[in-house]
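Some notes on the structure that comes next.
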Amino acid sequence: DELLLKADGILQQLTGDDYQRIIPNDNLSDFSFELKDGSQQENSQILSRGTREQVFLAVRIGRILEMQPPLPVIIDDSLVNFDCAHLKHAVEVIGRLSQTHQVFIMTCHPHLVEQFATIGGEASFSAQYWRLDKGRFFPSQGWDLMEYLSQEA
């Protein structure tokens, strides 16, 4: 339970408070969940793919926050199955993580770049954007990278 304390709060943020608590099952192979109304879901198998990914992102970020010294974090297209509202919550959570950790987001999805560019402009984090083209990295602006990725799709 102690290992999941931070994950609980992160899951609340990611799900807009729909999920309140992650409860480890006795065999430690799955989790149960406490919902906003106090009811419980017995395992992760009944969750949508996006919600399952939110749970495991919350657990991973919770563990990352426990590590000292803070290490760089690499997130490789872990947000592609989130709907618009949950993606916005995830970008806000990752923005807060970036205040204490160096965070690398790798994606080929222009809408994800747009979320970081939009939220980043409002939040207290700044981002550097890099475009990978034919094996080489080039500095880019967020909006230019979105346009490049849109053309590649």
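The values are calculated or read from the model by the stated rules, or taken from the named source; none is laboratory data. All of these numbers come straight from a predicted model, not from anything done at the bench. Please note: Cβ atoms are built from the backbone with ideal geometry, for glycine as well, and neighbour counts cover all protein chains shown. Quick note on the areas: whole protein, heavy atoms, side chains included, nothing else; ligands and nucleic acids left out. Shrake-Rupley method; radii C 1.70, N 1.55, O 1.52, S 1.80 Å.
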Can you say whether Gln12 is in a helix (DSSP H, G or I), in contact with a strand residue (DSSP E or B) (Cβ under 9 Å, 6 or more places away or on another chain), modelled with pLDDT of 90 or more and surrounded by fewer than 19 Cβ atoms within 10 Å (Cβ to Cβ), as far as the supplied structure shows?
yes
Return the pair list, or none, for Cβ contacts closer than 6 Å from residues in the range 48-74 that are closer than 17 Å to Asp30 by Cα to residues that are in a helix (DSSP H, G or I) and open to solvent by 60 Å² or more (accessible area, probe 1.4 Å), at least 6 apart or on different chains.
Gly62/Lys6
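Would it be correct to say that Asn27 is touching a strand residue (DSSP E or B) at 6+ places or on another chain (Cβ under 8 Å), more than 30 Å from His109 (Cα to Cα) and not acidic (Asp, Glu)?
No: the conditions fail for Asn27.
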Please go through the range 89-126 and give me each residue that is at pLDDT 90 or above, farther than 22 Å from Glu66 by Cα and part of a loop (DSSP other than H, G, I, E, B), ordered by number.
Thr107, Cys108, His109
Yes or no: Thr100 of a type in the set (Ser, Thr, Tyr), touching a helix residue (DSSP H, G or I) at 6+ places or on another chain (Cβ under 9 Å) and closer than 30 Å to Pro24 by Cα?
yes
Of the numbered conditions (1) charged (D, E, K, R); (2) outside any loop (DSSP other than H, G, I, E, B); (3) more than 23 Å from Lys88 (Cβ to Cβ), Arg21 fails exactly one; give the number of that condition.
(3)
Per the filter on the range 76-93, residues in contact with a strand residue (DSSP E or B) (Cβ under 6 Å, 6 or more places away or on another chain) and within 22 Å of Asp18 (Cβ to Cβ) are none
I'm told Lys6 meets every condition in (1) under 17 Å from the mean Cα position of the chain (by Cα); (2) closer than 19 Å to Asp83 by Cα except one. Can you identify the failing condition by its number?
(2)
Checked the range 31-57 for anything in a strand (DSSP E or B) and either under 16 Å from the mean Cα position of the chain (by Cα) or not acidic (Asp, Glu) (or both); matches are Phe31, Ser32, Phe33, Leu35, Gln40, Gln41
From the list Leu28, Leu71, Leu3, exactly one residue is open to solvent by 90 Å² or more (accessible area, probe 1.4 Å) and part of a helix (DSSP H, G or I). Which is it?
Leu3
Can you name the condition, by its number, that Thr100 falls short on among (1) of a type outside the set (Phe, Trp, Tyr); (2) open to solvent by 40 Å² or more (accessible area, probe 1.4 Å); (3) under 12 Å from the mean Cα position of the chain (by Cα)?
(3)
